[in-house]
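Nothing in this text is a laboratory measurement; each read-out follows from the coordinates by a stated rule. Given the structure is predicted, the values throughout are model-derived calculations rather than measurements. Backbone-built Cβ (ideal geometry, glycine too); neighbour counts: all protein chains shown.
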Amino acid sequence: MIKQSKFLSLVLRHQPKAHGLSLDEHGWAPLDEVIAAANRAGLALTRELVAEIVATSDKKRFALSEDGVSIRAQQGHSVEVDLELVALAPPALLYHGTAARFLASIREQGLLRQSRNHVHLSADVETATKVGGRHGKPVVLTVRSEDMARDGHSFYRSGNGVWLVEAVPVAYLTFP
Ligand code: HQG
């Protein structure tokens, strides 16, 4: 199921065209076409398996449309999509997990969205530590999100609870 989930991340966030798919402006792809593309790539994928992945994925990475005809990733895109996110007030503090080797650059530039559409922030230290650990020795930075919002930065929360922001200037970061 991990292979299938990674395939969904690849085509629904980053490279739909490489597998003959296209996403609509809100990031949705027809589920039948996604299944056919997976099968062409040699992966066993069925509607039942997709339903299981959507329901059990630890991070709720994917969502099915109400009519069950389409699927999209909830966040993490590098292709441009409008997820119809509504700005909302963040908690006082949010956290960003990164790797120790990125710190020098982050101290200079703040947090940049890199190849994704947003900088991803976590609501708790534990989650941020896991996110940072994907890149190396994890380091958790604290983001003064309430102050940022007061100063005019917009915050969004994806369907699976990841906080998203365009960038985080150094002034709002606390380094450990
Ligand atoms: C770093 C996973 C140098 C940033 C997770 C991060 C997340 C800088 C890396 C989602 C920098 C980008 C996203 C700067 C930021 N200089 N490095 N100025 N600014 N960085 O993978 O946040 O499992 O694009 O700290 O749970 O690690 O895929 O972002 O280390 O929600 O569902 O540049 O991916 O979700 O890396 O992870 P990424 P991320 P999934």
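Taking 21 Å as the limit for the C-alpha separation, the pairs LYS6/LYS60; LYS17/LYS130; LYS17/LYS59; LYS60/LYS130 exceed it in the case of LYS17/LYS130; LYS17/LYS59.
For region 50-73 versus region 129-176, the inter-centroid distance based on Cα atoms is 25 Å. Placing pseudo-labels 7 Å out from each Cα toward the beta carbon at LEU43 and GLN114 gives an inter-label distance of 2.1 nm.
Arranged by the count of other C-beta atoms within 10 angstrom, fewest first, what order do ILE53, ILE2 take? Mind showing how you got there, number by number?
Values: ILE53 18, ILE2 7.
Ranked by crowding around the Cβ, least crowded first: ILE2, ILE53.
Roughly how big is region 1-159's charge dipole about its Cα centre, with Cβ charges of +1 (Lys, Arg) and -1 (Asp, Glu), in debye to the nearest 20? That gives a dipole near 800 debye.
Converting phi to 3J(HN,Hα) with the Karplus coefficients 6.51, -1.76 and 1.60 and the offset θ = phi - 60°, region 68-85 yields x, 8, 10, 9, 8, 7, 7, 5, x, 5, 9, 6, 6, 9, 9, 7, 6, 6 Hz in sequence order, with x at every glycine or proline.
Each of ASN160, ALA89, LEU111 was scored by the projection of its Cα onto the charge dipole of the chain, and the greatest displacement toward the positive side belongs to LEU111; charges sit on the C-beta of Lys, Arg, Asp and Glu. For the pair ASP32 and ILE2, a Förster radius of 22 Å applied to the C-beta separation gives a FRET efficiency near 0.45, rounded to the nearest 0.05.
Can you tell me the FRET efficiency between HIS14 and ASP58 if r is taken as the Cβ-Cβ distance and R0 is 35 Å, rounded to the nearest 0.05? Present the calculation step by step, with values, prior to reporting the outcome.
Numbers: r = 20 Å, r/R0 = 0.56.
With a Förster radius of 35 Å, E is 0.95.
On the beta carbon distance between VAL69 and SER154, with R0 = 30 Å, the FRET formula returns roughly 0.45. Around the amide H of ALA99, modelled in the peptide plane, lie the amide H atoms of VAL139, all under 5 Å away and 5 or more residues distant in sequence or on another chain.
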